[in-house]
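S.K.: Here it is: the structure, laid out below.
The values are calculated or read from the model by the stated rules, or taken from the named source; none is laboratory data. Model, not experiment: these values are computed from the prediction. Counting neighbours? That spans all protein chains shown, and the Cβs are built from the backbone with ideal geometry, glycine included.
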Amino acid sequence: MKTLLRIRFVVVVLLWMIMLNACSPAATPVLPTATSQPTPANTVAPADAPTNTIAPADMLAPTPIKKPGFKLLPMPAAVIKDKIKVNGHKLYVACYGKGNPTVVLEHGSATDTATWNSIVPYVAAETQVCAYDRFNTGQSGADFGLLTMDQVTADLHALRQALKIEGPIITVGHSIGGAFAVAYAIRYADDVAGVVLVDSAYPNHSARYLAALPAPAASENPEITSLRKTFVADVASWKDCCELSNWDEVAAQFESTRLGDTPLVALTQAKKPAANWPDLPADLADRLEDVWQGIQRDYAAMSSNGQVIVAEDSGHGIQWDQPHLVLDAILAVVKTARQ
């Protein structure tokens with residue numbers, strides 16, 4: 001799992017190193033195509049993207065924004081930006097805007113709150129939005145030990161109580177942050193009005209990739225042999241990687257738990273077998289891409305009001321490649337929660 005996450009995250013991490021100075025000029029808005037796959041038909045309707053786009057023209061975007069006219073805005077003034085002590089340690093949090101429901105943003109592995117800078121100004125114009133760093137990440141406290149999922153979700157619950165956030169929240173997660181967003185929705189179901197997942201990883205996806213490979217053969221493609229070794233190593237190590245010590249328990253919980261009719265939108269990058277697996281036979285590359293797509297469908301199936309949206313022109317960092325799609329999904333869930 002460590003290697004697979006590293007493959008998915010490496011581009012995002014590099015972009016994150018650049019994006020601290022991120023904003024870009026743009027041209028006339030033209031919407032690209034996103035493929036929507038409802039699961040089932042009772043799904044969240046898309047929201048209109050904001051039109052109040054003003055950004056400094058001399059700042060560089062970390063990756064091309066593939067909606068001409070979508071501008072990266074300067075970050076608004078924070079309502080709160082501080083390290084809050086919860087459960088014996090401090091969590092860094094920054095909140096913007098006002099209104100309910102509050103949107104809580106979970107970053108991926110090896111990133112921090114800044115991974116959401118592309119959409120925070122827009123969400124803050126509609127409702128309160130808070131981005132925070134989990135313990136052992138970003139600007140939060142660290143002891144370099146691994147936590148359990150219960151500890152992480154309890155931290156977020158204590159943080160929202162300390163911030164006096166009222167009413168159900170909407171949890172949003174990118175990559176492995178999606179697993180944290182879902183886990184919170186499971187544990188505190190009455191406190192969650194919706195979930196938005198952005199190309200989210202799944203606790204046991206290394207095992208799924210391994211199962212998709214053909215049976216070992218003496219004459220097989222060396223690339224397949226190498227990939228199998230990687231997947232085997234990942235399966236052996238995934239239980240205690242990526243911030244947690246109990247991913248095996250989390251995987252079992254995800255397989256057996258449903259979220260009722262809580263609105264859930266899972267955004268995913270489109271299949272790119274040739275680009276992502278260039279040294280593999282085309283049919284195997286396509287099968288491995290299907291694994292990632294299947295993960296997103298499984299997430300959506302956790303709710304009777306779940307939906308998969310395919311970002312046709314994105315890589316792993318959809319919030320930077322096609323941020324309007326992430327924004328539309330969040331605002332659609334906000335609108336549903338308010339009705």
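S.K.: If I ask for residues that are part of a helix (DSSP H, G or I), closer than 29 Å to Pro216 by Cα and not aliphatic (A, V, I, L, M), which ones from segment 256-292 would you list? Talk me through it step by step, then tell me what you get.
M.R.: Initial filter on segment 256-292 (part of a helix (DSSP H, G or I)): 256, 273-276, 282-292.
Imposing the further condition that a residue be closer than 29 Å to Pro216 by Cα reduces the set to 273-276, 282-292.
Pro273, Asn276, Asp283, Asp286, Arg287, Glu289, Asp290, Trp292 - these are the residues of segment 256-292 that are part of a helix (DSSP H, G or I), closer than 29 Å to Pro216 by Cα and not aliphatic (A, V, I, L, M).
S.K.: Just give me the residues in segment 74-123 being of a type in the set (Gly, Ala, Ser), more than 19 Å from Glu243 (Cα to Cα) and in contact with an Asp or Glu (Cβ under 9 Å, 6 or more places away or on another chain), in sequence order. Write out each step before concluding.
M.R.: Initial filter on segment 74-123 (of a type in the set (Gly, Ala, Ser)): 77-78, 88, 94, 97, 99, 108-110, 114, 118.
Next cut, more than 19 Å from Glu243 (Cα to Cα) only: 77-78, 94, 97, 99, 118.
Within segment 74-123, Ala94, Gly97, Gly99 qualify.
S.K.: Within segment 293-339, can you find the residues that are among the polar types (S, T, N, Q), assigned to a loop (DSSP other than H, G, I, E, B) and either closer than 18 Å to Leu259 by Cα or in contact (Cβ under 8 Å) with a residue 12 or more places away in the chain (or both)?
M.R.: Residues of segment 293-339 among the polar types (S, T, N, Q): 293, 296, 303-305, 307, 314, 319, 322, 336, 339.
Going one step further and asking which of them are assigned to a loop (DSSP other than H, G, I, E, B), we end up with 303-305, 314, 322, 339.
The answer is Ser303, Ser304, Asn305, Ser314, Gln322.
S.K.: Kindly provide the set of residues from segment 109-145 that are over 20 Å from Ala183 (Cα atoms), aliphatic (A, V, I, L, M) and at pLDDT 90 or above, ordered by number.
M.R.: Those that are over 20 Å from Ala183 (Cα atoms), aliphatic (A, V, I, L, M) and at pLDDT 90 or above: Ala114, Ile119, Val120, Val123, Ala124, Ala125.
S.K.: Being buried (at least 20 other Cβ atoms within 10 Å of the Cβ) and polar (S, T, N, Q) is the requirement here; does Ser206 meet it? If you could, list the steps in order and put the result at the bottom.
M.R.: Numbers: buried (at least 20 other Cβ atoms within 10 Å of the Cβ): yes; polar (S, T, N, Q): yes.
Yes, satisfied.
S.K.: Still on this model: Give me the residue from segment 53-100 that is of a type in the set (D, E, K, R) and in a loop (DSSP other than H, G, I, E, B) and, out of that set, modelled with the lowest pLDDT.
M.R.: Step one: filter segment 53-100 for residues of a type in the set (D, E, K, R), giving 58, 66-67, 71, 81-83, 85, 90, 98.
Add one more test, that the residue is in a loop (DSSP other than H, G, I, E, B), and what stays is 58, 66-67, 71, 98.
On the way: Asp58: 24, Lys66: 67, Lys67: 70, Lys71: 86, Lys98: 96.
Ranking the qualifying residues of segment 53-100, first place goes to Asp58.
S.K.: From the list Val250, Val265, which one is closer than 14 Å to His205 by Cβ and buried (at least 18 other Cβ atoms within 10 Å of the Cβ)? Steps first, answer last, please.
M.R.: Details: Val265 fails: closer than 14 Å to His205 by Cβ.
None of the others qualify; the one that does is Val250.
S.K.: I'd like the residue in segment 146-173 that is more than 22 Å from Ser109 (Cβ to Cβ) and small (Gly, Ala, Ser) and, out of all such residues, is modelled with the lowest pLDDT.
M.R.: Only one residue tops the list, namely Gly167.
S.K.: Let me ask something additional. Taking the residues in segment 287-327 that are touching a helix residue (DSSP H, G or I) at 6+ places or on another chain (Cβ under 8 Å), under 14 Å from Ala201 (Cα atoms) and small (Gly, Ala, Ser) as candidates, determine which candidate is surrounded by the fewest Cβ atoms within 10 Å (Cβ to Cβ).
M.R.: Gly294
S.K.: If you don't mind, there's one more thing I want to ask. With a cut-off of at least 2 residues that are within 17 Å of the chain's Cα centre (by Cα), name the helices (runs of 4 or more DSSP H) lying wholly within segment 139-255. Break it down into steps so the answer makes sense when it comes.
M.R.: Details: elements: 149-162, 176-187, 205-212, 222-237.
Once the helices (runs of 4 or more DSSP H) in segment 139-255 are filtered for at least 2 residues that are within 17 Å of the chain's Cα centre (by Cα), what remains is 149-162, 176-187.
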